[in-house]
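Just so it is clear, none of the values below were taken in a lab; they were calculated from the coordinates. Because the structure is predicted, anything quoted here is derived from the model rather than measured. We place every Cβ from the backbone using ideal geometry, glycine too, and count neighbours over all the protein chains shown.
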Amino acid sequence: MEEVKKKQAISLSEVKEILSKVDLEEMDQIQRWTHDYVSKFVSIEPKNAKDMKKQLIKECELTEEESVEIVNIRPTSLEELRSFTFGWKKLILAETLEKMLKIIKEYS
């Protein structure tokens, strides 16, 4: 088994990019299921996902994990965005939520 060299939160778009470089015949069952899922449901380009993640971290002071969650789900309204951020157990100001929504719309 290969040793873990680095642990990092990545978006589903980045997962799709990584798995697209692996031969399907060489994938184990979980990798195949994951590949099938991301192939069907991921619609944002990897570069845009990475850029959005960086911008959310920098401008909205999100953690990498929080920004990945937002990139993966890409909420379209303040109510939807609030429902995800509520579970983070930290106060996010309305102006920050607005900024997050603006960033999401830029990449959608």
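At-a-glance table
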| item | result |
| --- | --- |
| DSSP loop trypsin sites (Lys or Arg not before Pro) with at most 11 other Cβ within 10 Å: longest gap in the chain | 22-88 |
| Spin-label zone in the range 1-22 - amide nitrogen under 11 Å from a point set 7 Å from the Cα of Ser43 along the C-beta vector | none |
| Most mobile listed residue (Glu45, Glu80, Glu64) in the chain, GNM with C-alpha springs under 10 Å | Glu80 |
| Reachable lysines from Lys105, criterion Cα separation under 22 angstrom, eight or more residues apart if same chain | Lys16, Lys40, Lys47, Lys50, Lys53, Lys54, Lys58 |
| Ratio of Rg to Rh over the range 46-107 (Cα coordinates, Kirkwood Rh, two decimals) | 0.91 |
